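Okay, so here's the structure we're looking at.
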């Protein structure tokens with residue numbers, strides 16, 4: 001099976017712009033989660049989607065949003081970018097979202113905000 | 001809330017040395033516990049997991065035992081190789097809201113030298 005794929009892999013934006021990142025989960029996986037990784041804050045949970053519904057959200061401002069499509073692919077959007085949004089954004093998928101299930105991570109999208 | 005505490009890095013070892021990376025957690029209920037590894041420029045890969053007390057996860061010579069009485073999940077390997085150089089993350093999966101999420105430790109960088 002193909003792994004989790006994320007596009008684009010690298011992105012450079014300027015402050016105030018918005019950005020959309022895409023994630024395609026492993027075939028058959030219906031749960032997709034997003035995480036932000038920064039040197040200062042480490043790995044932080046953004047949100048989780050299951051069957052096109054957001055069922056869990058981390059402690060991030062409303063500028064961070066996401067959605068999931070009927071084929072389980074997910075996108076996250078960050079509006080009005082700030083310098084502090086520079087990070088590696090990781091997507092992870094698992095079959096149904098059960099707590100015992102392994103989350104399989106993609107390679108990430110590295111976002112640089114100038 | 002839930003939290004994971006890992007020993008600070010970096011950890012530098014000679015090849016064939018014994019490795020221990022300490023991990024303790026705070027969580028309500030009965031979380032599942034994971035060790036993930038991240039190589040430079042890549043996403044996270046599952047190393048091993050344990051889903052209930054006294055379970056031992058193992059993979060590629062690495063082991064960790066879920067100790068509920070000490071709320072710990074220490075990672076060990078009897079003989080490290082240069083190829084084990086990476087950042088290791090301890091994580092727990094817990095129910096929150098309508099779904100669940102991974103809570104990560106800060107990561108421990110391991111460098112193995114010849």
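Annotations
- Checked against the criterion of being within 11 Å of chain A (Cβ to nearest Cβ), farther than 27 Å from residue A:108 by Cα and at pLDDT below 95, segment B:40-62 has at least one qualifying residue.
- Checking each residue of segment A:13-24 against the condition of being touching a strand residue (DSSP E or B) at 6+ places or on another chain (Cβ under 9 Å) and closer than 27 Å to residue B:57 by Cβ gives at least one match.
- Taking segment B:103-112 as the range and being surrounded by fewer than 19 Cβ atoms within 10 Å (Cβ to Cβ) and outside any strand (DSSP E or B) as the test, only B:106 passes.
- Subset of segment B:87-102 [surrounded by fewer than 23 Cβ atoms within 10 Å (Cβ to Cβ) and either in contact with a helix residue (DSSP H, G or I) (Cβ under 7 Å, 6 or more places away or on another chain) or modelled with pLDDT under 95 (or both)]: B:94, B:95, B:96, B:97, B:98, B:99
- Any hit, segment B:73-80, residues being facing another protein chain (nearest Cβ under 8 Å) and either at pLDDT below 95 or surrounded by fewer than 16 Cβ atoms within 10 Å (Cβ to Cβ) (or both): no
- Scanning segment B:2-35 for residues that are outside any strand (DSSP E or B), in contact (Cβ under 8 Å) with a residue 40 or more places away in the chain and over 12 Å from the mean Cα position of the chain (by Cα) yields B:2, B:8, B:9, B:10, B:15, B:16, B:17, B:18, B:27, B:28, B:29, B:31.
- Filter result (over 10 Å from the mean Cα position of the chain (by Cα), assigned to a loop (DSSP other than H, G, I, E, B) and farther than 14 Å from residue B:37 by Cα) within segment B:48-79: B:51, B:52, B:53, B:54, B:55, B:66, B:68, B:69, B:70, B:71, B:78, B:79
The values are calculated or read from the model by the stated rules, or taken from the named source; none is laboratory data. What you are looking at is a predicted structure, and each value in this text was computed from that prediction instead of being measured. When we count neighbours, we look across all protein chains shown, and the Cβ atoms used for this are built from the backbone with ideal geometry, even at glycine.
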